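Since the structure comes first, as structure tokens, the remarks are kept for the end.
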Amino acid sequence: MESDAAINLLIRILIVPTILFASAFLIYYFGPLRKLVQLYRVRGVPGGAASMYMDTVKVGRFPSFRTTGASIGIFEDGLYIWMTPICLFVPKMVIPWNSISRVKRLGSRTIGPCQLYIGKPTITVIEITNKTFQKTRVFLDKPLED
């Protein structure tokens, strides 16, 4: 009886993380994040003065890929995103400012998140917090749509 309980516990401990990891990988592999990585992958952090911090980023509409612990960098070259720490299989990316075709505000005009439309034609949409958007305004010359 005790061995059955131990086996059930072991199965639950192994199955839940496996399902979560497999789901994240499938969303990455079949979702828009993979295309972004193919186009904008970088090996390291770009040079130059920047603002680096952790924030929430959502890539895509459906399926979407959201992470709260993303490393965000605002560089002259573009928006640096590293979907850490959970997304170990997603490399670092720098999305050049000229690859952002539209910027749209969601929700409140002053504090809501913003959507960045990436590519011409649009490959995907990246949702960033208002905090990140305010920091990008130094380099991002697109008008904000409501």
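Projecting the Cα positions of S3, P96, P143 onto the charge dipole of the chain (unit charges on Cβ atoms of Lys, Arg, Asp and Glu, taken about the Cα centre) puts P143 furthest along the positive direction. Think of the chain as a dipole: +1 on every Lys or Arg Cβ, -1 on every Asp or Glu Cβ, centred on the Cα centre; then among M83, P121, G107, P121 lies furthest on the positive end.
Sorting T122, T136, T56 by solvent-accessible area of protein heavy atoms yields T122, T56, T136, largest first, with a 1.4 Å probe.
Magnitude of the charge dipole for the chain, about its Cα centre and with charges confined to Cβ atoms of Lys, Arg (+1) and Asp, Glu (-1), is about 480 debye.
Which order do D55, D141 take by accessible area at a 1.4 Å probe, largest first? Walk me through the intermediate numbers first.
Details: D55 20, D141 125 Å².
From most accessible down to least: D141, D55.
The residues neighbouring F139, those whose beta-carbon lies less than 12 Å from its own, together hold a net charge of 0 under the Lys/Arg +1, Asp/Glu -1 convention. Of the labelled figures (1) 87; (2) 193; (3) 136, only one reflects volume of the Cα convex hull per residue in Å³ as derived from the coordinates, namely (3).
Rounded to the nearest 10 degrees, the inclination of helix 2-30 to the longest alpha-carbon principal axis of the chain is 20 degrees. Using a cut-off of 20 Å between alpha-carbon atoms, which aspartates and glutamates can reach K135, once sequence neighbours fewer than 8 places away in the same chain are excluded? Here the aspartates and glutamates satisfying the reach criterion relative to K135 are D55, E76, D77, E127, E145, D146.
The values are calculated or read from the model by the stated rules, or taken from the named source; none is laboratory data. In this text the structure is predicted, and so the values were computed from the model without any measurement. Please note: Cβ atoms are built from the backbone with ideal geometry, for glycine as well, and neighbour counts cover all protein chains shown. Areas reflect the complete protein model, heavy atoms only, side chains present, ligands, DNA and RNA absent. Shrake-Rupley method; radii C 1.70, N 1.55, O 1.52, S 1.80 Å.
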